[in-house]
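Report on one structure; see the data block that follows.
The values are calculated or read from the model by the stated rules, or taken from the named source; none is laboratory data. If you're wondering where the values come from, they're calculated on a predicted model, not measured in any experiment. Cβ: placed from backbone, ideal geometry, glycine included. Neighbour counts: every protein chain shown.
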Amino acid sequence: MSLFSRIGAALGLATKSAVPAPVSAASVPPWVGLMMGAGELTAVEAWRLYKNVATLARVIDLIADQVAHLPPVIEINGTTVDEHPLKQLLCRPGFNRSRRKLVKEVVVQIMTAGYCPLHLIGSQRGLPFALDVLKAEHTVWQRDVDGWPRQFHVQEPTRGMTFVRTDGVNFRYVNGPMSEMLPIYDMAGDNKGIGLSRLNAVRNDVELRARAVIHNKSLIDKGARISGILNFKDALTDDQMEAVQSNVQRAVAGNAGSIAITSGGQSEFTNVAMTPRDMDWGTLTGLVDDAIAARYNCPVTLFNVKAQTNNNYETAWRMLFDNAVLPTFKLVYEDLARVFSERLGQEVEIEPDLLSVPILAERAIANAIKLHGAGLVTRDEARNDFGMEPTLNGDLFYVPMGMVPAGEDYFTEVDKRLGRGGGESETETETEDDTAGEEPAQEDDADEPPPAKKPAAPPPAKKSARSERVRRLN
């Protein structure tokens, strides 16, 4: 029997662990043991973890806050609309919520429980007049013969509701003509139509972090180590052991730590030093934090201050939006757009307004400048990408003057006229061109002598080939 096992046995503590359990260590909370099951996490267990594990709550809140901050852009049948009843509904969903509060609650439940039951209140043949978020931990469901949920039963502290599946391929869950539940989830797990919580993949990591926090707290409460062991020859009862331990600690132990009491052998006092693994909780919690952040596609740089620089911090925010925020935004609003399209009989699409986020707006502007500089888009098209009005002649393409089609040379004919391409001289060519279209004069009298030749004109002044080429092109 090991030394620490004897200590634990004497004090009634469990000691079978990789890290020696400190004396009088606090017991592990009941919710930690729920995570070692082989099945999926329930919504109740996931919600408890969100409330008790700081890193998990921080990662989920970071993603949810950014998704809720992105304003939606609504398109009806391919046309962006600024004033529409759907936009007013999202801005004022009811129950004293704003759009950001509603969206954050939805995202938090999706990130923890795997799905969020959204309550649509109002006529099923048009837009609802209010949206409410039901709690996944208050919801139970029953499976139908095809594996999909046949009904959802919501049991809240003060009321209960049952949503039954309708007929058809694109079925819905309704509770009368004025109430409908929309389950929003990313990916189904063991059951169809029920989202899989991301916490299932890191459940053991989260449990290790919880145990590390408990172990660290016990070490700090005991001065970070056990001061020593006081061993008595005769066996002591529990009351005697507690009395001796209390007296010795009060007399000689001070604030440095505690003293363990065991029975058997001569009475002796043995110092116990702290081993390095007693403080491994710091490394352990760091590894667990990295695992949680990676499971939610969140860059670790946003949490590890020592690894942050000006460059990688900005890159980490871009990675967060690309890998976590924007996919979650589309997940939530695609389900909303689908059910609103069925209700309105129109094609509804909801996209994020990327220009409202500075880091995404900078990237959009840089891409527009790059495309315009390469001649792939016009100035107005580039300005339209980041929300600016068109300009005069902004729909024209401007390219460098020297650009010509492959295999052609615009200056070949000019070179021939200048005698640079092996052809005739310019004077001869011009003379031939001037006389080519003239008809020969008819002779009135065969005996008339030919006209006298005019004296030859002096040769024209020489010009450089470059200046002549420019003049002819202009």
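What the table shows:
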item	result
Any hit, segment 31-43, residues being in a strand (DSSP E or B) and either at pLDDT below 95 or farther than 29 Å from Pro352 by Cα (or both)	no
Single match in Gly160, Gly193 (criterion: without any contact (Cβ under 8 Å) to a residue 12 or more places away in the chain and out of contact with any Leu (no Cβ under 9 Å at 6 or more places or on another chain))	Gly160
Conditions (1) surrounded by 16 or more Cβ atoms within 10 Å (Cβ to Cβ); (2) within 24 Å of Ala188 (Cβ to Cβ); number of the one not met by Val140	(1)
Residue list for segment 345-361, filter: assigned to a helix (DSSP H, G or I), surrounded by 14 or more Cβ atoms within 10 Å (Cβ to Cβ) and touching a Leu at 6+ places or on another chain (Cβ under 7 Å)	Leu354, Leu360, Ala361
Residue count, segment 104-119 (criterion: farther than 18 Å from Gly193 by Cα and buried (at least 20 other Cβ atoms within 10 Å of the Cβ))	2
Qualifying positions in segment 87-115 - over 25 Å from Gln346 (Cα atoms) and not in a helix (DSSP H, G or I)	Phe95, Asn96, Arg97, Ser98, Gly114, Tyr115
Answer residue from segment 145-179, given it is among the hydroxyl-bearing types (Ser, Thr, Tyr) and not in a loop (DSSP other than H, G, I, E, B) and is farthest from Gln124 (Cα to Cα) among those	Thr162
In segment 94-151, the residues that are of a type in the set (Val, Ile, Thr) and touching a residue at least 40 places away in the same chain (Cβ under 8 Å)	Val103, Val106, Val107, Val108, Ile110, Thr112, Ile121, Thr139
